[in-house]
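J.: Sharing a structure below in structure tokens format, with a few things to ask.
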Amino acid sequence: MMTTAIDPPITPERLSRLAALANDDGETRVNSRDWTGSITFEIQGEEHRLQVRSGVFTPMDADAAGLAGTHVVARGTAEHWAKVLLRVPPPGFTDVFGGAFLGMTVEPAHLSADLHLAVRRLVELLRHLVNGTDPAPQPDTARRPHGTLDAAVGRYIHLDIDGRDHRLYFEEAGSGIGLLCQHTAGADARQWRHLLEDERITSRFRVIAYDLPYHGRSLPPTGVAWWAEEYRLTRDHLMQIPIRLAEALGVERPVFIGSSVGGMLALDLARFHPDRFRSVISCEGALHLGPEGPEERNATGDDPAEHAAAMMSWMGATAPEALRQETRLHYAQGAPGVFAGDIAYFSGDHDLRGQAHLIDTARCPVHMLTGDYDFVTVPASERAAAAIPGVTLTLMPGLGHFPMSEDPERFAEYLMPVLDRAAACP
């Protein structure tokens, strides 16, 4: 049962407890060690402020009124804060940065990755205080015996795409029907590591997860001065990669699954190459998602760590903490310029508006899976499903923009029935 936030959520006593909790919290210390300034929680015009000096928090006092540094203000109505401070916040209110898309404000508008994560954690700690829950981090406690080998095996393959040699990295596990897995913008195939180890899937499917060129362990093309070219992902280039990879590996009419950029690609493949795929699964997909999309809204600047921190707002509130942080870690390791180059496709070159009726789901079945915590994408996915004849759409409560990596067990509940249908296709 959902616990409601206590009214008023911040009192002088609770503010002091928040400062003490933050000073003892490892995540807060790691991300705020270079922060001097203050943070203000403004609720319906009433301000509650902590000062911070090199990562040490105390309630604001008169002597700190002129304290130099970075002063953050998180502002919202009482209703906004009530949602943010629920024990299980609803989609859009997992933190104040998500709330900023729904009426809250955070100033300054641009924060470093560390400062973004520090503010996010402070709000989490406040939520724990309000609800009387344990703020201790929740690491992944699962262990496998020393020397255990995962099922996935990684290799490199050379693909000729657009007349250039691309050394592409992929991992695979299992046997049977091919299942090609495409990662999100700026990330890599590690997002699919759980599928590669799921025997419910690998017993029937040859799961192949690849890194796009410039991503993860795949390199830019050889024979060109790629460092002197702006990286921009296009639809035509992107569609060639799973097609040429399947050809090179001898995989005939595989199932394709992708999330975000991969979810958009799934729909493009169904539209332009329906006979090459048994079916496609579009996670977090849409016919078009411009500046309102989660990826585009976090595309400012060129720091992968900042993009990664911002993406925490789009994950499910009940997803395991360790896996949400792992998803962020993968994202933060992207190369400079790659995220923005992917967005050129995500919010630009991918545009199937006015063409949805041309997607023939009799030739290539299309299944859409969208998490409700990816709250901006949900209406776009619904519009796509309404326009594509014969498509299936499943909204996934509790999941966000990265369902396969943030909460793979819950994702499997929605994915398995779709894979059953894909396996039954001729």
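The values are calculated or read from the model by the stated rules, or taken from the named source; none is laboratory data. Keep in mind that this is a model prediction, so the values were computed, not measured. Quick reminder, even Gly has a Cβ in these numbers, built from the backbone with ideal geometry, and neighbours come from all protein chains shown.
J.: Counting just the residues of the range 164-198 that are part of a helix (DSSP H, G or I) and in contact with a strand residue (DSSP E or B) (Cβ under 9 Å, 6 or more places away or on another chain), which one comes out farthest from His401 (Cα to Cα)?
T.: So, considering only residues that are part of a helix (DSSP H, G or I) and in contact with a strand residue (DSSP E or B) (Cβ under 9 Å, 6 or more places away or on another chain), the one farthest from His401 (Cα to Cα) is Leu196.
J.: Arg328 - would you say it is in the same structural domain as Ser218 (by TED's automatic domain parsing) and part of a loop (DSSP other than H, G, I, E, B)?
T.: No: the conditions fail for Arg328.
J.: Return the residue satisfying two criteria in turn: it lies in the range 237-259 and is over 24 Å from the mean Cα position of the chain (by Cα) and not in a helix (DSSP H, G or I), and of such residues it is surrounded by the fewest Cβ atoms within 10 Å (Cβ to Cβ).
T.: Per the stated criteria, the residue is Gly250.
J.: A further question follows. From the set of residues in the range 223-236 that are out of contact with any Leu (no Cβ under 9 Å at 6 or more places or on another chain) and assigned to a loop (DSSP other than H, G, I, E, B), which is farthest from Val338 (Cα to Cα)?
T.: Gly223
J.: Quick test of your reading of the structure: Gly390 fulfils all but one of (1) closer than 26 Å to Pro90 by Cβ; (2) of a type in the set (Gly, Ala, Ser); (3) without any contact (Cβ under 8 Å) to a residue 60 or more places away in the chain. Name the failing condition by number.
T.: (1) is the only condition that Gly390 fails.
J.: Based on this model, can you work out whether Asp162 counts as at pLDDT below 95 and farther than 17 Å from Glu197 by Cβ?
T.: Yes; evaluated as a whole, the condition is true for this residue.
J.: Among Gly174, Gly178, which is the only one that is touching a helix residue (DSSP H, G or I) at 6+ places or on another chain (Cβ under 6 Å) and either aliphatic (A, V, I, L, M) or over 30 Å from Ser32 (Cα atoms) (or both)?
T.: Checking each option against the conditions leaves just Gly174.
J.: Now for a different question. Arg193 - would you say it is in contact (Cβ under 8 Å) with a residue 40 or more places away in the chain and in the same structural domain as Ala319 (by TED's automatic domain parsing)?
T.: Yes.
J.: Could you say which residue among Pro90, Pro59 is under 23 Å from Asp25 (Cβ atoms), surrounded by fewer than 18 Cβ atoms within 10 Å (Cβ to Cβ), of a type outside the set (Asp, Glu) and touching a Lys or Arg at 6+ places or on another chain (Cβ under 9 Å)?
T.: It is Pro59.
J.: In the range 367-398, what residues are among the β-branched types (Val, Ile, Thr), outside any loop (DSSP other than H, G, I, E, B) and either assigned by TED's automatic domain parsing to the domain that holds Pro90 or under 22 Å from the mean Cα position of the chain (by Cα) (or both)?
T.: Listed by number, the residues that qualify are Thr370, Thr377, Val378, Thr394.
J.: Can you confirm whether Gly262 is in contact (Cβ under 8 Å) with a residue 12 or more places away in the chain and either under 26 Å from Ile343 (Cβ atoms) or in a loop (DSSP other than H, G, I, E, B) (or both)?
T.: The answer is yes for Gly262.
J.: Could you tell me whether the range 105-118 includes any residue that is over 19 Å from the mean Cα position of the chain (by Cα), of a type in the set (Val, Ile, Thr), more than 21 Å from Asp303 (Cβ to Cβ) and surrounded by 22 or more Cβ atoms within 10 Å (Cβ to Cβ)?
T.: No, the range 105-118 has no match at all.
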